[in-house]
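Please read the structure below before turning to the comments.
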Amino acid sequence: MLTPAGWRSLLFSSLLCTGAWAKKDKPSYKSTKFDFIPYNVNYFEDSDVILFAEDIDHDIYRSDDAGENWEKIERGAGKMLELVMHPFHHDRAYIITEDRSHWMTKDKGKSWEEFTTDAQASIFREALTFHAGDPDRIMFNAMDCTGIFCEELVGIS
């Protein structure tokens, strides 16, 4: 037999369960179809901004609403070799191209600045190596190829 306090507890817990079942909030989703498989999909930390690479036409796509809508980034379009996220400064990313001009963002991909290097990015190792304490100190791993032989180079910013 339940005491009055027991009945109150039972009634209160029943009301809580009923309220949870009656809640109408449902997650929503939107599907976007691409003619390719996105790879190297990256969120900028603590944001809804996503970048991914597309390996057929060598383009980069960006979403600022957690993937509901996408836009192709025109910087480096068709020449992307690698998409690199800065591991220590979470607003920055880099588009390394097959040429000597590359692109960087400091604002999660809202705007992009071009930077040039003296040689092409290395295809034998990751193009960028980052300093953990200073986001502006970056080593660029490059190569200088003559014929079938390539010399590995490193540039420092």
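The values are calculated or read from the model by the stated rules, or taken from the named source; none is laboratory data. Source: prediction; values computed, not measured. Using ideal geometry, Cβ is built from the backbone for each residue, glycine included, and neighbour counts are taken over all protein chains shown. SASA here: full protein model, heavy atoms, side chains in, ligands and nucleic acids out. Shrake-Rupley method; radii C 1.70, N 1.55, O 1.52, S 1.80 Å.
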Count of the stretch 134-153 residues which are open to solvent by 30 Å² or more (accessible area, probe 1.4 Å) and without any contact (Cβ under 8 Å) to a residue 24 or more places away in the chain: 9
Matching entry among Gly133, Gly109 (being within 20 Å of Ile50 (Cα to Cα) and assigned to a loop (DSSP other than H, G, I, E, B)): Gly109
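For (1) at pLDDT below 95; (2) closer than 30 Å to Ser63 by Cβ, each residue gets a yes or a no:
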| residue | (1), (2) |
| --- | --- |
| His86 | no, yes |
| Asp91 | no, yes |
| Thr105 | no, yes |
| Gln120 | yes, yes |
| Cys145 | yes, no |
| Gly155 | yes, no |
Scope the stretch 74-91; condition under 11 Å from the mean Cα position of the chain (by Cα), closer than 17 Å to Glu114 by Cα and open to solvent by 20 Å² or more (accessible area, probe 1.4 Å); matching residues: Met85, Asp91
Only one of Glu126, Glu71 that is open to solvent by 60 Å² or more (accessible area, probe 1.4 Å), farther than 24 Å from Glu152 by Cβ and within 17 Å of the chain's Cα centre (by Cα): Glu71
Residues of the stretch 16-63 satisfying the condition of being open to solvent by 100 Å² or more (accessible area, probe 1.4 Å) and either modelled with pLDDT of 95 or more or within 24 Å of His89 (Cβ to Cβ) (or both): Tyr43, Asp46
Some residue of the stretch 97-104 being touching a Cys at 6+ places or on another chain (Cβ under 8 Å) and open to solvent by 90 Å² or more (accessible area, probe 1.4 Å): no
